[in-house]
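Here's the structure, in structure tokens; my notes come after.
The values are calculated or read from the model by the stated rules, or taken from the named source; none is laboratory data. Remember, it's a predicted structure, so these values are computed and weren't measured experimentally. With ideal geometry, Cβ positions are generated from the backbone for all residues, glycine too; neighbour counts draw on all protein chains shown.
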């Protein structure tokens with residue numbers, strides 16, 4: 001294995017891209033992962049594929065850029081010590097957390113590959129816009145992304161390999177990703193639904209556990225694929241979970257927009273992705289809208305797409 005690759009696994013869906021790529025690079029390259037400080041979930045997801053180092057994450061989805069500047073500077077200093085010129089390439093999974101290591105890697109002579117998010121259609125993510133001029137390859141997941149990142153190369157949707165055979169255990173899986181989705185959770189909490197698996201992320205799961213003894217409730221599970229594999233339907237925010245649910249495990253999907261995420265992709269992006277995945281989109285989270293979406297989702301069959309992660313792995317090894 002002559003190829004040595006740094007992969008920045010930045011948490012949430014960005015870690016999902018890192019895992020999907022690592023699954024296709026396994027036994028073909030030596031990998032090291034840059035993980036956000038304190039992100040034990042990401043560590044648990046990638047540690048089977050390579051070694052791990054840590055760099056702070058300066059900005060979350062609710063934070064504006066100005067507040068993140070001091071953290072980005074500190075992350076740059078940390079990256080300088082963590083990114084070795086002895087590696088061949090660095091893969092940015094798309095978050096602001098990827099930017100400092102990507103710049104340092106480029107300065108040290110590594111080839112730079114940047115992945116644009118699967119939920120971006122109308123305007124590029126800030127990290128992709130910033131890194132595009134520096135990148136040897138900007139990986140696009142949908143043809144529409146060519147309009148917003150003209151120099152990018154289409155590889156296709158990047159989703160994880162299934163770890164379990166899809167089956168139906170009759171429960172509804174509700175998740176808001178790493179940061180959670182309290183507006184969605186609080187509506188689900190008020191519905192008369194008895195077969196719920198709820199992953200709360202950074203939102204405290206205890207109130208939901210106490211109120212619903214028949215629900216399965218947890219904050220994180222590194223083996224999250226087993227819950228997707230057994231679900232009847234998956235309800236989530238606009239993020240990579242809906243991609244894995246639909247494309248990895250062929251599950252009907254409901255996308256419930258999170259109005260608290262003001263600095264990420266928006267309604268038009270969600271509408272386009274919903275069409276791509278044959279998903280049900282809920283723009284305003286109300287009791288009525290969620291119940292209607294659950295009924296509608298039963299009729300929706302997810303599509304199939306070529307393996308974008310495999311194509312990207314091959315492109316990286318060519319570079």
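Observations on the structure shown:
- Conditions (1) buried (at least 16 other Cβ atoms within 10 Å of the Cβ); (2) modelled with pLDDT under 95; number of the one not met by residue 259: (1)
- Test: residue 149 is surrounded by 20 or more Cβ atoms within 10 Å (Cβ to Cβ) and either touching a residue at least 60 places away in the same chain (Cβ under 8 Å) or not assigned by TED's automatic domain parsing to the domain that holds residue 246 (or both): yes
- In the range 84-125, the residues that are in a strand (DSSP E or B), without any contact (Cβ under 8 Å) to a residue 60 or more places away in the chain and either crowded, with 24+ Cβ neighbours inside 10 Å or out of contact with any helix residue (DSSP H, G or I) (no Cβ under 6 Å at 6 or more places or on another chain) (or both): 114
- Residue 170 vs. criteria within 30 Å of residue 295 (Cβ to Cβ), in contact with a helix residue (DSSP H, G or I) (Cβ under 9 Å, 6 or more places away or on another chain) and in contact (Cβ under 8 Å) with a residue 60 or more places away in the chain: no
- If the condition is being over 18 Å from residue 270 (Cα atoms) and at pLDDT 95 or above, then the range 112-130 contributes 112, 113, 114, 115.
- Only one of 56, 28 that is surrounded by fewer than 20 Cβ atoms within 10 Å (Cβ to Cβ), in contact (Cβ under 8 Å) with a residue 60 or more places away in the chain and either under 21 Å from residue 100 (Cβ atoms) or out of contact with any helix residue (DSSP H, G or I) (no Cβ under 6 Å at 6 or more places or on another chain) (or both): 28
- Scanning the range 1-25 for residues that are surrounded by fewer than 24 Cβ atoms within 10 Å (Cβ to Cβ) and over 19 Å from residue 225 (Cα atoms) gives 1, 2, 3, 4.
- Within the range 194-224, the residues that satisfy the criterion of being without any contact (Cβ under 8 Å) to a residue 24 or more places away in the chain and more than 23 Å from the chain's Cα centre (by Cα) are 194, 206, 207, 208, 209, 210, 211, 212, 213, 214, 215.
- The residues on offer are 139, 128, and the sole one that is outside the structural domain of residue 196 (by TED's automatic domain parsing), assigned to a helix (DSSP H, G or I), closer than 17 Å to residue 8 by Cβ and touching a strand residue (DSSP E or B) at 6+ places or on another chain (Cβ under 7 Å) is 128.
- Yes/no for residue 184 being more than 17 Å from residue 243 (Cα to Cα), touching a residue at least 60 places away in the same chain (Cβ under 8 Å) and outside any loop (DSSP other than H, G, I, E, B): yes
- Residue within the range 20-37 that is modelled with pLDDT under 95, within 18 Å of the chain's Cα centre (by Cα) and not in a strand (DSSP E or B) present: yes
- Subset of the range 142-171 that is in a strand (DSSP E or B) and under 20 Å from the mean Cα position of the chain (by Cα) - its residue that is nearest to residue 89 (Cα to Cα): 153
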